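Beneath this line is the structure, given in C-alpha cells, with notes to follow.
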Amino acid sequence: VSPATLTILRENASQGLDTIGSLPNTRRPDPLGKSGEQVYAVQFVGPRAYVVTFRQTDPLYVLDVGDPADPKTLGELEMPGFSDYLYPLGDKLLLGVGKDANNAGQLGGIKVALMDVSNPAVPTVISSEVIGKRGSYSALDFSRHGINLFQQGTQFRIALPVRVNESPFASP
C-alpha cells in the first residue's frame with residue numbers, strides 16, 4: 001500500500017492542531033499512489049491540491065480540498081517520469097519539472113510537462129519535453145528558487161537553467 005496520506009489540520013483554541021480531514025479514510029479508502037510509491041511533489045491552489053507520487057510512473061492526483069473535512073480525489077493522470085516541482089500557470093494549467101524515467105523506473109533527463117487541469121476529473125498532458133539524458137540537472141535540483149516564471153497577459157515565460165548531459169551512459 002502507498003504510504004501517502006493527506007492530513008488537513010486546523011488550529012484549536014489551545015493553539016494545538018486537530019485533524020479535521022484525511023485521505024485515504026473510511027469513506028474514501030482509495031490510496032494516494034500505488035504500492036511502493038513515494039510523494040515527490042505537492043501544490044495547493046485554492047480548493048485544489050495536486051500530488052505527484054513515483055516509483056515507475058508519475059501519477060498526478062487532483063484533489064478537492066474545498067471542504068477540509070471531506071477531501072476527495074477528483075482525477076488522476078499517469079505518465080512516464082515524475083515531477084519534483086509543480087507550478088500553477090493561471091487557473092487551467094500546471095507546469096511540472098522533474099525527471100524522465102523508463103518503464104522500469106530508471107531515470108533519464110530533465111522532464112518539463114505542461115498539463116491542462118481545467119477539467120480536474122480528466123487532467124491531460126498538453127506537451128512534455130525531455131532535456132538531455134541521465135545525469136542532466138537543472139537549477140531546481142539545488143534550490144526551489146531555481147526557476148523564474150514571468151506572466152505577461154495570457155503568456156508565460158519560463159527560465160530554467162540546466163546542465164545537459166548527452167551521454168547515454170552517465171551515472172545517476
| What residue, among those in the range 103-159 that are charged (D, E, K, R) and open to solvent by 60 Å² or more (accessible area, probe 1.4 Å), is modelled with the lowest pLDDT? | ARG144
| said: Taking the conditions exactly as written (buried (at least 17 other Cβ atoms within 10 Å of the Cβ), on the phi > 0 side of the Ramachandran plot and either in contact with a helix residue (DSSP H, G or I) (Cβ under 8 Å, 6 or more places away or on another chain) or touching a residue at least 24 places away in the same chain (Cβ under 8 Å) (or both)), does GLY21 satisfy them or not? | reply: no
| request: Mind telling me which of the residues ASP67, ASP91 ends up being under 24 Å from PRO31 (Cβ atoms), open to solvent by 60 Å² or more (accessible area, probe 1.4 Å) and not in a strand (DSSP E or B)? | output: ASP67
| message | Let me confirm something: among LYS92, LYS99, which residue is at pLDDT 90 or above, in contact with a Leu (Cβ under 8 Å, 6 or more places away or on another chain) and among the charged types (D, E, K, R)? | response | LYS99
| request: Restrict the check to the range 27-38 and report whether at least one residue is part of a loop (DSSP other than H, G, I, E, B), closer than 25 Å to GLN151 by Cβ and modelled with pLDDT of 90 or more. | output: no
| crowded, with 23+ Cβ neighbours inside 10 Å and within 17 Å of THR53 (Cα to Cα), is that true of ASP100? | yes
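Scan VAL112, VAL164 and give me the residue that is aliphatic (A, V, I, L, M), in contact with a Ser or Thr (Cβ under 9 Å, 6 or more places away or on another chain) and farther than 22 Å from PRO59 by Cβ. Let's see the steps before the verdict.
Numbers: VAL112 fails: farther than 22 Å from PRO59 by Cβ.
The conditions single out VAL164.
The values are calculated or read from the model by the stated rules, or taken from the named source; none is laboratory data. Source: prediction; values computed, not measured. So basically every Cβ, Gly included, is an ideal-geometry build from the backbone, and we count neighbours across all protein chains shown. These area figures cover heavy atoms from the full protein model, side chains too; ligands, DNA and RNA do not enter into them. Shrake-Rupley method; radii C 1.70, N 1.55, O 1.52, S 1.80 Å.
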